[in-house]
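The values are calculated or read from the model by the stated rules, or taken from the named source; none is laboratory data. These figures come from a predicted structure and were not determined experimentally. Cβ atoms come from the backbone with ideal geometry, glycine included; neighbour counts cover every protein chain shown. These area figures cover heavy atoms from the full protein model, side chains too; ligands, DNA and RNA do not enter into them. Shrake-Rupley method; radii C 1.70, N 1.55, O 1.52, S 1.80 Å.
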Amino acid sequence: MTGAMRVTAFDRLVVDSQAYRLTEKTANGCTFDSTAAPTSTLALRFEELRSLLRRPNVSLERDYFLSQRSALRSSTNVDAIGSLPGHIRSEVAWRHSYCEAFLQLEQNKEVQRSEQAVAAVLPDIEALVNKQSSAVQSKWLPARAGTNKAYKDPPCARTLLEWVRRFERAACSPLGLIPRTYRSGNHGARFSIEAQRLIGECLGAYLTKQRLSKRIVADMCASRFRAENEKRKEAGLPPLQVPSKRKVERDLAKLDPYSTYAQRHGVDAANRKFMLYEEGIEASYPMERIEIDEWRVDLMTILAERGALDHLTSEELVLLPRGRRWLYLAIDCATRCVVGMRLAENPNCEDAIALLADVTRDKTTLAVAAGCQSEWHHFGGLKTVATDLGAAFVDDNFSTAVFDAHGLPETPTGGLPQLRARVERIFGTFGTNLAPYLAGRTFSNPKERGDYPTAEMASITDDALIQMLILYVVDVYHNRPHGGLNGETPNNCWKRLANEIGVVPDVPERMRRRAFGKPMRRKVTGRGVRVFGIDFTCAALRQFHLHNHETDVDLRVDLNDLGWIMVRIGEEWFPAIALQKCFEGVSFDEWQNTARQLRLKYRDEATLTERLVSDALQKIIAINAAEQQTFGAELRAVTPSGLRRAKEDLFLGLSIEPERDDVEALPAQDDLFGRIIPTANEPPPERAQVEVPDGSEAEETFTWRFDDE
């Protein structure tokens, strides 16, 4: 896609920690000047800017230079809602629901900005917000009488008006709704300067080769203070406040772990304990409003993969489970282009967030895999994301993902589908224009269905269903004249508006992974963090391992590219690169297939060389590319079966040795399997080759886990 991007002078581009601001914009690209001396200029075509935003060291922060955002940063010290603790994120989402409901009523001229008027409609606003909360707490299960649910007391009219004003002063950023008490408390020193100096001297006794215990140091500190207070009494000075033993022990616990261990046990011992393994990696508008909704497909399908049916008899096919899938769909309101689709077994927040990730990326590979002749290049950044009151959309995690991608969730009042008319209408289009061609229709009601044998006629699998939906949307719907566009096709409308106005800027890749990546938590070791048998590291992780008392960190992983991940340390997110270079651009499915074959071939080994893994990956990728000529494996990622496959157990105990000169310096790993596989330059020892039978008996002996730990 080479259309224009809607970049403004208020946006900040950051490349390798260097900040730039837009100074000129043409039909083909943008020119940025650095904000710090010496001034440098960056001239980029739009396709170059899109490519740049996919690098881990690049970020585009929309509206950064707005005066409201500057004041907000100085008061909150937070740049993303996802960096806040969970209870604060929930508080912000709850406040945003109240503000959004009020602004909708105000827009419909149902309320004015006076406390009396707000108090009159406050019960209606509370009922709407509590309805959203109830949907979340029910976790998509049918409502049952007597179920206990928790609801927050509503704000008073004055407080609600204050929230709305703060929200608007922050240029409609959710950061303006962070509670002002978030960092409240007495964080100042409670001891005088003299007392703090004396405490510091006492703590020094702990940092010696004598290795005194914390209790002994606390006792020594109390004795030192008593002696000092006797001297001050003779000199006519007021006594110093004596610290408690618990105070001294807390201060000792705050000491730097590496330095403390080095002082007490020696530098060599500290280096062994905090061993680091380093690779020395040199670390790279349509879309103004989209509507998202979930729809239970008017079709009964076979709940199995297409390939699994090839060798079944007609009697066995009859016994297969059948059911109806849910379809998550996003549509761009300006052009009526579908910008994302995803099948799900049941409504859930995870698939809704995965749909957001699809909305922000080029989906032409999906179209090619489905056999489309047109491109599916409709994507961009998030601005306004309109949904209904579905439980997946009012979930705090969904709102946080939208916030972190610089979007703003909008949940119109329930019972008014006309507020989301575009996405509601396209589901009707599917039912009238596509479903009549498919076997297993459920129809809209029993009278319309008559004696049609829905279950007996069901013969379509998940893979085939998503393939047909993509074919219809990309090749048919996007290229047909649309009544809502005065006869213009959605494809032509997108192309025209993209050239005339521009698309909302792409979400930078590091922001995409932070907002939509698969959340995980891993233990930090000298090698960094291990995910799916792959080691990831960065400077921040190495410092965390040396100087932090915690051992686990939060991660975000893009299953489409295992070359790097995002790691949260404190309140900041950092890109961590795979130590093994061969994983750049490799998807989880490709690595999963490769790992399974390597496990079967080298079933007695725990550690594989990077060269061996790289060669196997290239073969798998070539086979996958050939398969996509007939049926794209790419489609499996947007089907329920694809989601299940991503939860298989495979990577426990797997270790990959990077190709490097000092590979012998790798720290020892306690894996469950045998010796290291020799490199290509060293012949393997004589051993019997493992023959894999046609059946699955060999695979059944393995119980590797998805979580690596």
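Could you count how many residues in segment 219-231 are surrounded by 13 or more Cβ atoms within 10 Å (Cβ to Cβ) and over 11 Å from VAL242 (Cβ atoms)?
2
Kindly provide the set of residues from segment 9-21 that are part of a loop (DSSP other than H, G, I, E, B), under 26 Å from the mean Cα position of the chain (by Cα) and surrounded by fewer than 20 Cβ atoms within 10 Å (Cβ to Cβ), ordered by number.
Selection gives PHE10, ASP16, SER17.
Do the conditions hold for GLN116, that is, is it surrounded by 18 or more Cβ atoms within 10 Å (Cβ to Cβ) and part of a helix (DSSP H, G or I)?
It is false that GLN116 is surrounded by 18 or more Cβ atoms within 10 Å (Cβ to Cβ) and part of a helix (DSSP H, G or I).
Would you confirm whether any residue within segment 399-417 is of a type in the set (S, T, N, Q), surrounded by 16 or more Cβ atoms within 10 Å (Cβ to Cβ), in contact with a strand residue (DSSP E or B) (Cβ under 8 Å, 6 or more places away or on another chain) and modelled with pLDDT of 85 or more?
Yes: one or more hits.
Could you tell me whether segment 77-90 includes any residue that is modelled with pLDDT of 80 or more, part of a strand (DSSP E or B) and open to solvent by 70 Å² or more (accessible area, probe 1.4 Å)?
There is no residue in segment 77-90 that is modelled with pLDDT of 80 or more, part of a strand (DSSP E or B) and open to solvent by 70 Å² or more (accessible area, probe 1.4 Å).
Mind counting the residues in segment 538-560 that are part of a helix (DSSP H, G or I) and hydrophobic (A, V, I, L, M, F, W, C)?
5
Given the criterion at pLDDT 85 or above and either under 14 Å from ALA195 (Cα atoms) or part of a helix (DSSP H, G or I) (or both), identify the matching residue among ARG264, ARG272.
From the options ARG264, ARG272, the qualifying one is ARG264.
Cβ contacts < 6 Å: first residue over 14 Å from LEU327 (Cα atoms), restricted to segment 463-484; second residue among the aromatic types (Phe, Trp, Tyr) and surrounded by 19 or more Cβ atoms within 10 Å (Cβ to Cβ), any location; separation 6+ or different chain. Result?
VAL474/TRP376
Only one of these is at positive phi, of a type outside the set (Ser, Thr, Tyr) and open to solvent by less than 10 Å² (accessible area, probe 1.4 Å): GLY585, GLY533, GLY487, GLY570. Name it.
GLY533 is the lone residue from the list that is at positive phi, of a type outside the set (Ser, Thr, Tyr) and open to solvent by less than 10 Å² (accessible area, probe 1.4 Å).
Is one or more of the residues making up segment 57-68 in contact with a strand residue (DSSP E or B) (Cβ under 7 Å, 6 or more places away or on another chain) and either within 17 Å of ILE501 (Cα to Cα) or small (Gly, Ala, Ser) (or both)?
Looking through segment 57-68, at least one residue is in contact with a strand residue (DSSP E or B) (Cβ under 7 Å, 6 or more places away or on another chain) and either within 17 Å of ILE501 (Cα to Cα) or small (Gly, Ala, Ser) (or both).
Scan segment 156-165 and tell me whether some residue there is surrounded by 11 or more Cβ atoms within 10 Å (Cβ to Cβ), at pLDDT 85 or above and in a loop (DSSP other than H, G, I, E, B).
Yes, segment 156-165 contains at least one residue that is surrounded by 11 or more Cβ atoms within 10 Å (Cβ to Cβ), at pLDDT 85 or above and in a loop (DSSP other than H, G, I, E, B).
Give the residue, chosen from LEU237, LEU212, that is assigned to a loop (DSSP other than H, G, I, E, B), of a type in the set (A, V, I, L, M, F, W, C), modelled with pLDDT of 85 or more and open to solvent by 60 Å² or more (accessible area, probe 1.4 Å).
LEU237
Considering every residue within segment 250-263, establish whether at least one is acidic (Asp, Glu), closer than 18 Å to HIS549 by Cβ and surrounded by 15 or more Cβ atoms within 10 Å (Cβ to Cβ).
yes
Restricting attention to segment 511-536, which residues are in a strand (DSSP E or B) and touching a helix residue (DSSP H, G or I) at 6+ places or on another chain (Cβ under 8 Å)?
Passing the criteria: THR525, GLY528, VAL529, ILE534.
Would it be correct to say that LEU128 is open to solvent by less than 100 Å² (accessible area, probe 1.4 Å), under 18 Å from ARG165 (Cα atoms) and either of a type in the set (Gly, Ala, Ser) or out of contact with any strand residue (DSSP E or B) (no Cβ under 8 Å at 6 or more places or on another chain) (or both)?
no
Of these, GLU448, GLU456, GLU424, which one is modelled with pLDDT under 85 and in contact with a Pro (Cβ under 6 Å, 6 or more places away or on another chain)?
GLU424
Restricting attention to segment 280-297, and to residues there that are open to solvent by less than 40 Å² (accessible area, probe 1.4 Å) and assigned to a loop (DSSP other than H, G, I, E, B), which single residue is modelled with the highest pLDDT?
In this case the residue turns out to be MET287.
For segment 359-395, which residues satisfy the criterion of being part of a helix (DSSP H, G or I) and either among the polar types (S, T, N, Q) or surrounded by fewer than 20 Cβ atoms within 10 Å (Cβ to Cβ) (or both)?
Passing the criteria: THR364, THR365, VAL368.
Determine if segment 317-328 includes at least one residue that is at pLDDT below 55 and outside any loop (DSSP other than H, G, I, E, B).
Yes - at least one qualifying residue is present in segment 317-328.
With over 20 Å from the mean Cα position of the chain (by Cα) and open to solvent by less than 40 Å² (accessible area, probe 1.4 Å) as the only criterion, which of SER67, SER34 stands out?
After applying the criteria, what remains is SER34.
Being buried (at least 24 other Cβ atoms within 10 Å of the Cβ) and farther than 20 Å from SER59 by Cα is the filter here; which residues of segment 502-530 pass it?
Passing the criteria: GLY528, VAL529.
Just checking, does segment 96-105 include any residue being more than 33 Å from the chain's Cα centre (by Cα), closer than 16 Å to ARG158 by Cα and surrounded by fewer than 18 Cβ atoms within 10 Å (Cβ to Cβ)?
No, because not a single residue in segment 96-105 is more than 33 Å from the chain's Cα centre (by Cα), closer than 16 Å to ARG158 by Cα and surrounded by fewer than 18 Cβ atoms within 10 Å (Cβ to Cβ).
Before we move on, is ILE125 modelled with pLDDT under 90, within 30 Å of LEU60 (Cα to Cα) and in contact with a Pro (Cβ under 8 Å, 6 or more places away or on another chain)?
For ILE125, the condition - modelled with pLDDT under 90, within 30 Å of LEU60 (Cα to Cα) and in contact with a Pro (Cβ under 8 Å, 6 or more places away or on another chain) - is not met.
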